[in-house]
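Encoded as structure tokens, the structure appears first; notes follow it.
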Amino acid sequence: MFLKMKMFSCPEEFCKRTFMKYGNLLKHLDIGKHSKPKMTQNLSDRTKVLYSIQIENKVVKYTYVNALTVDSTDTSKFPKGWALKLKRELKKFTQSQKNFMTDKFEIGERSGQKCDPDDVSTLMRSVKDEHGRRLFKPVEFLSTSQIASFFSRLALKKRKTSLQEYSEEDQDAENDAVNFRHLTDLANV
């Protein structure tokens, strides 16, 4: 028969050692060589746990404002509608801007490598004419999104015109086919 033996556990936090004799526990405490379990949590998990402990231990102080002490006659310092979006000022592209962007678009169409709007925007800031003067003033510089939208409008316009040309070719072919059938019918009679 097994006798119930009393086990003595180390009171140090995280130490997992247990002893059958009280004297061995005392020696262990004197030496101070505690065996802690290896942390299986990664750094991220440990920081989350420590952060939650700190939050739980904090005392939050609330400041209550008495509604009677607030001056209700205080008018807002901001004018009515201050948070509404302002209407955007639409500026039309200058002819030199249009020509520059159209040239870059056509170069991309011919070469098969479309020009990047970001590169065109950067180039616009540094391009110079034959006299060495800047082609565009700083006020005339365009953003990447403005150039991209201009390119997309040019591409759409090109697609529409190519569809119209295709439709005219189809119509001509259909007329030719009708005329050919009519002539073959006349020849067979």
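The values are calculated or read from the model by the stated rules, or taken from the named source; none is laboratory data. Because the structure is a prediction, the values reported are computed rather than measured. Note: ideal-geometry Cβ built from the backbone for every residue, glycine included; neighbour counts use all protein chains shown.
Yes/no matrix, rows are residues, columns are (1) under 30 Å from PRO138 (Cβ atoms); (2) at pLDDT below 85:
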| site | (1), (2) |
| --- | --- |
| THR47 | no, no |
| TYR64 | no, yes |
| THR73 | no, yes |
| PHE78 | no, yes |
| LYS92 | yes, no |
| PHE100 | yes, no |
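The residues on offer are SER111, SER121, and the sole one that is within 18 Å of THR94 (Cα to Cα) and polar (S, T, N, Q) is SER121. Residue under question is GLU13, and the condition is that it be out of contact with any helix residue (DSSP H, G or I) (no Cβ under 6 Å at 6 or more places or on another chain), of a type in the set (Asp, Glu) and at pLDDT below 75; does it hold? Yes; evaluated as a whole, the condition is true for this residue. Would you mind stating whether LEU154 is part of a loop (DSSP other than H, G, I, E, B), at negative phi and surrounded by 13 or more Cβ atoms within 10 Å (Cβ to Cβ)? When the stated conditions are applied, LEU154 does not pass them.
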